[in-house]
Every structure is written in C-alpha cells, then in structure tokens.
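The values are calculated or read from the model by the stated rules, or taken from the named source; none is laboratory data. Please read all numbers here as calculations on a predicted model, not as lab measurements. Ideal geometry is used to build each Cβ from the backbone, glycine not excepted, and the neighbour counts take in all protein chains shown. Heads up: the accessible areas ignore ligands, DNA and RNA and are worked out on the full protein's heavy atoms, side chains in. Shrake-Rupley method; radii C 1.70, N 1.55, O 1.52, S 1.80 Å.
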Amino acid sequence: MRRSLKLAAAVLSGSLGIASLAACGAKSTDNTSTSSSAGAGSSSFKVGMAYDIGGRGDQSFNDSAARGLDQAKTDLGATITEAEAKSGESEGDKEQRLKSLVTGGFNPIIAVGFVYQDAVNKVAAENPNVKFAIIDSSSADQPKNVTSLTFSEEQGSFLAGVAAANKSKAKHVGFIGGVQSELIKKFEAGYTAGAKSVDPNVQVEVTYLSTPPDFTGFADPGKGKQAAQGQLDKGADVVYSAAGSSGTGAIEAVSAAGKWAIGVDSDQAKQPALDKYKEHILTSMVKNVDKAVFTYIKSAKDGSTQGGVQNFDLKAGGVSLATTGGYIDDIKAKIDAATQQITSGQTTVPTAP
C-alpha cells in the first residue's frame, strides 16, 4: 500500500534533508521525492506537486501532470518534489501536505485534482507570497495567488462518443466514471452527446465506481475491471473509462473480450504498462495536463502568472483524440467534422448528463 505522508513536514522543512534528497533523487518514506535537472542541483527555482490518489504511475491523469513537471525539470532547471494523496485521508492531511511544501521553500506548488480545492484555498490564503495552481477545479472565493488549470473535458469526450458510436457493431457502448462528481459527469455528458449525434438510438451504459466522499474509484483497477465486465455482459462493445488508474482494469477486461476500449487523459496505447492491450485501445481522450502544467510553471518562473482560471478547450489544444494504432483513421472525416462544429460554436456540448 502507499507509504504514509506523516513525515512530510519533517522531510521538507529541513534544507539539508532537501539537498540530500535532491542530490540522489531518492524517494522518501513519506511518498515525497525531490530531484533537480542535470547541472541544476543548486537551482533556487523549486516546484512542488501534490498528486491526486494514484500518484505518478497511474498511466492516466497524474502521469500527464508528471510529464509537465518533468519538462520543467529538464527545460527550466527546476528542482522538483512530489507527494500523493491517500485513499480515505482527511482535509487536514491535504492541508499538511501543502504546508510541508511551503515550508520546504517550493514555489509554485501545484495540486493535482479537484479534491484539493478547500486545502489550496486555506493554505494559499495563509501564504500570499507563494503561488499555487490547482488542476480541474476552481472556486469563486479562491485567493488571488491561486491559478485554476481547467479543461473542456466534455468536448474531447464528445469526439470519443463519435468514435465509439461509429465503431460499435452492437450500437451499444459504455461509460465508466471513477467518482460520481461534477467533473466526471462532464466526461459522461460529452460522451453520450457525441454517441447520440451519430445515432440517436445508440444505447449508453453508465457505471460509477464510487461517490464522494469516497474517492477510491480513481484507484481501484479491480473495480474498473468488474464494471467493464458488467457492461460487456450487457452487450456493450466499446467502453470509455474516465477513472484514473481504475481504468486500467477496465481496459484489461475489454481487451480480454476482444472489444474496444477508449482511454483517458494520457494516450493510453502508448503507456508501457498497457502495451499488451494496445491493440484493443481504439483511441484515448487526451487531456493535455502536461501542457497546462508546463505553461503554468514557466509563467511562474517568468513572474507572469495571472491567477484566476485558465481553461484549455478543444480549440486551444487542451483536449484531443489520440490516433495511435490508426484505429480511427477510417472515420477521420467524421471526427474532423465534429471538431469543426465544436470549435466554430455550431455545436455546444453539454457539461451535465
């Protein structure tokens, strides 16, 4: 299981401890790792990232954020540190994780996932000279030193629905959401609308793995596999999962059945851990979190962060469909037409089911 984060404050508050971790790139017993780019060990530009449940290695959402952080390490000479959330943790745990990054001198600090919104608001208000970003969330009362990095997931999911309906022989597709939250409902709404735009009679199965305050649906491949099998048993032959690392279980089940899976956030057909399933990954709805993270970190280094909300939509390249494997090449004209209708404003994609 994941290691405890209880020692985070002690590890991060000591400059000698930070330097030691940076020198060896080690990962501490609190799930926090610190490293710097080659030749930049003495960098005073220190970036902290607090991951959602699943952390680096989830093959999906967190890994996309991690790629942006890695690029900042390589291209900007940033010293980086990482920590991740635990299933069932309290708001106090999240606040302490962020406070530990502040104490360690990390600025900016990026929180990955809407579960951090309250903690970010509180810790940012207490530390107005530290810049914070939160991915996939925003609130009207967040401090001015907080930037929200959001995406039009419903638009990319609409295209995934178009692909699913065109490829489904049974005219029966599925959607698996990790947690029944407002964010994941955007994926469901877009996907269903996209599928129905192709065939109003297409059947869409919908399954959620957990409901707040239970967020384990983002980190339970077993649940994902079981949910996908249930949809396959009902006749679905294309299954789209927006469920973090739980989606890997769904992809496994769909692949074993010889049907089509649609990945999410990262181009999952390119993920090494999913290589054996890639022939059954039709496409992935890619959310370019890495682009948003790197852009934000660069602006923090340049001193040009604005705070507020920065949304990355289909027109801005914030979301897209992966073409790895060439499995949607034959419907490219249909995907392109749907894309043009969305970016031109002709089609308004719903954000709620």
Query - Failed item in (1) on the phi > 0 side of the Ramachandran plot; (2) open to solvent by 30 Å² or more (accessible area, probe 1.4 Å); (3) more than 13 Å from the chain's Cα centre (by Cα), with S87 passing the rest - result: (1)
Query raised in the report: Restricting to the range 178-215, what's the tally of residues that are open to solvent by less than 40 Å² (accessible area, probe 1.4 Å) and either part of a helix (DSSP H, G or I) or aromatic (F, W, Y) (or both)?
Result: 11
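Looking at this structure, is A253 closer than 27 Å to A65 by Cβ, assigned to a helix (DSSP H, G or I), open to solvent by 10 Å² or more (accessible area, probe 1.4 Å) and in contact with a Gly (Cβ under 9 Å, 6 or more places away or on another chain)?
Against the criterion (closer than 27 Å to A65 by Cβ, assigned to a helix (DSSP H, G or I), open to solvent by 10 Å² or more (accessible area, probe 1.4 Å) and in contact with a Gly (Cβ under 9 Å, 6 or more places away or on another chain)), A253 does not qualify.
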Report summary line: Over the range 90-112, the set of residues surrounded by fewer than 18 Cβ atoms within 10 Å (Cβ to Cβ) and assigned to a loop (DSSP other than H, G, I, E, B) is S90, G105
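For (1) within 17 Å of D63 (Cβ to Cβ); (2) within 20 Å of the chain's Cα centre (by Cα), each residue gets a yes or a no:
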| site | (1), (2) |
| --- | --- |
| K270 | yes, yes |
| H280 | no, no |
| S284 | yes, yes |
| K291 | yes, yes |
| S299 | no, no |
| G317 | no, yes |
